[in-house]
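For reference, the structure discussed in these notes is given below.
The values are calculated or read from the model by the stated rules, or taken from the named source; none is laboratory data. This one's a predicted model, so the numbers in the text were calculated from it and none came from an experiment. Neighbour counts run over all protein chains shown; Cβ positions are idealised from the backbone, glycine included. Areas reflect the complete protein model, heavy atoms only, side chains present, ligands, DNA and RNA absent. Shrake-Rupley method; radii C 1.70, N 1.55, O 1.52, S 1.80 Å.
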Amino acid sequence: MVKKDETLESGSMKTDCPVCGGKGTANYTTITHKIAYFGEVMESTIECEKCGFKHNDIMALEQKEPAKHSLMISGKNLSSRVVRSQTATVSLPEIGIKVEPGPKSEGYVSNIEGVITRFIDATLKALKLFTDDESQKNANAVLEKLEGLLSGEDETLLLIEDPFGQSQIMDVNAKTEPLTQEELKHLRTGFVIIDDDDEDLDEMEDE
């Protein structure tokens with residue numbers, strides 16, 4: 001019998017906006033799900049009617065050990081589900097791009113196609129900040145590789161490292177391993193980084 005997701009409870013309330021300070025102008029909603037083969041998670045959203053501020057987050061409600069999850073992604077598994085908590089570092093190491101968590105980072109439930117799309121959006125933002133030809137050339141090369149993944153023409157490794165173990169790649173071929181103390185020590189927070197031959201080209205705050 002195939003396990004299915006289950007919505008356990010939901011709630012909503014009015015609250016003050018943390019950005020513009022509007023009194024009671026923000027809608028705060030929570031939904032608790034039980035995700036098949038993963039466990040209980042709570043999704044939360046706060047959205048201000050006054051200034052338009054919006055923030056999403058997801059939090060696993062079950063305690064887990066630090067872990068890293070990896071999968072060779074291709075056109076055959078773009079629909080595989082991904083749970084990324086706000087504490088996780090998500091990377092495509094063979095392409096040289098990663099998103100690290102920071103104060104503004106968001107957790108989400110998506111699929112591999114959605115993760116690639118997020119990488120494309122982050123790279124486009126970084127591209128606007130680059131002023132030298134070499135950085136723009138490298139960023140455009142990354143974009144070309146990401147588009148190749150979306151079209152199913154290319155394959156690459158997806159890696160998610162989470163010191164709190166609240167993330168997951170839900171695919172039969174995904175590999176899960178514990179994070180070592182050395183790996184935990186080198187996990188950083190707060191930046192979108194595009195690498196070229198293992199050297200940072202540029203970095204910007206994760207939005």
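Go through region 12-42 and give me each residue that's of a type in the set (Val, Ile, Thr) and in a loop (DSSP other than H, G, I, E, B).
We begin by selecting, within region 12-42, every residue of a type in the set (Val, Ile, Thr); these are 15, 19, 25, 29-32, 35, 41.
Those that are of a type in the set (Val, Ile, Thr) and in a loop (DSSP other than H, G, I, E, B): VAL19, THR25.
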Selection over region 132-182 where residues are touching a His at 6+ places or on another chain (Cβ under 8 Å) and either among the hydroxyl-bearing types (Ser, Thr, Tyr) or farther than 20 Å from MET72 by Cβ (or both) yields a count of 2
Within region 150-157, can one find any residue that is buried (at least 18 other Cβ atoms within 10 Å of the Cβ), closer than 19 Å to VAL99 by Cα, of a type in the set (A, V, I, L, M, F, W, C) and in contact with a helix residue (DSSP H, G or I) (Cβ under 9 Å, 6 or more places away or on another chain)?
no
Counting only residues that are open to solvent by less than 60 Å² (accessible area, probe 1.4 Å) and not in a loop (DSSP other than H, G, I, E, B), region 49-98 contains a total of 20
Quick one: in region 163-189, of everything that is in contact with a Pro (Cβ under 7 Å, 6 or more places away or on another chain) and either within 30 Å of ASN140 (Cβ to Cβ) or part of a strand (DSSP E or B) (or both), which residue is modelled with the highest pLDDT?
PRO178
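Filtering region 99-114 down to residues that are open to solvent by 40 Å² or more (accessible area, probe 1.4 Å) and either touching a Lys or Arg at 6+ places or on another chain (Cβ under 9 Å) or assigned to a strand (DSSP E or B) (or both), which residue is nearest to ILE35 (Cα to Cα)? Don't jump to the end; show me each part of the working.
Taking region 99-114 first, the residues open to solvent by 40 Å² or more (accessible area, probe 1.4 Å) are 103-104, 106, 109, 111, 113.
Imposing the further condition that a residue be either touching a Lys or Arg at 6+ places or on another chain (Cβ under 9 Å) or assigned to a strand (DSSP E or B) (or both) reduces the set to 106, 109, 111.
Details: GLU106: 19, VAL109: 10, ASN111: 14 Å.
Among residues in region 99-114 that are open to solvent by 40 Å² or more (accessible area, probe 1.4 Å) and either touching a Lys or Arg at 6+ places or on another chain (Cβ under 9 Å) or assigned to a strand (DSSP E or B) (or both), the one nearest to ILE35 (Cα to Cα) is VAL109.
Take the residues in region 158-184 that are β-branched (Val, Ile, Thr) and out of contact with any Ser or Thr (no Cβ under 6 Å at 6 or more places or on another chain); name whichever of them is surrounded by the fewest Cβ atoms within 10 Å (Cβ to Cβ). Steps first, please.
Within region 158-184, the subset β-branched (Val, Ile, Thr) is 160, 169, 172, 176, 180.
Right, trim to out of contact with any Ser or Thr (no Cβ under 6 Å at 6 or more places or on another chain) and you get 169, 172, 176, 180.
Values: ILE169: 23, VAL172: 7, THR176: 14, THR180: 11.
Restricting to residues being β-branched (Val, Ile, Thr) and out of contact with any Ser or Thr (no Cβ under 6 Å at 6 or more places or on another chain), the top hit is VAL172.
Within region 111-136, which residues are of a type in the set (S, T, N, Q) and within 19 Å of MET170 (Cβ to Cβ)? Show your work before the answer.
Filtering region 111-136 down to residues of a type in the set (S, T, N, Q) leaves 111, 117, 123, 131, 135-136.
Passing the criteria: ASN111, THR117.
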Identify the single condition in (1) touching a residue at least 12 places away in the same chain (Cβ under 8 Å); (2) in a helix (DSSP H, G or I); (3) open to solvent by 50 Å² or more (accessible area, probe 1.4 Å) that GLN136 does not satisfy, given that it satisfies every other one.
(1)
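Can GLU40 be described as over 24 Å from VAL115 (Cα atoms) and touching a Ser or Thr at 6+ places or on another chain (Cβ under 8 Å)?
Working: over 24 Å from VAL115 (Cα atoms): no; touching a Ser or Thr at 6+ places or on another chain (Cβ under 8 Å): yes.
So GLU40 fails the test.
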Exactly one of THR117, THR45 is in a strand (DSSP E or B) and without any contact (Cβ under 8 Å) to a residue 40 or more places away in the chain, and that one is THR45
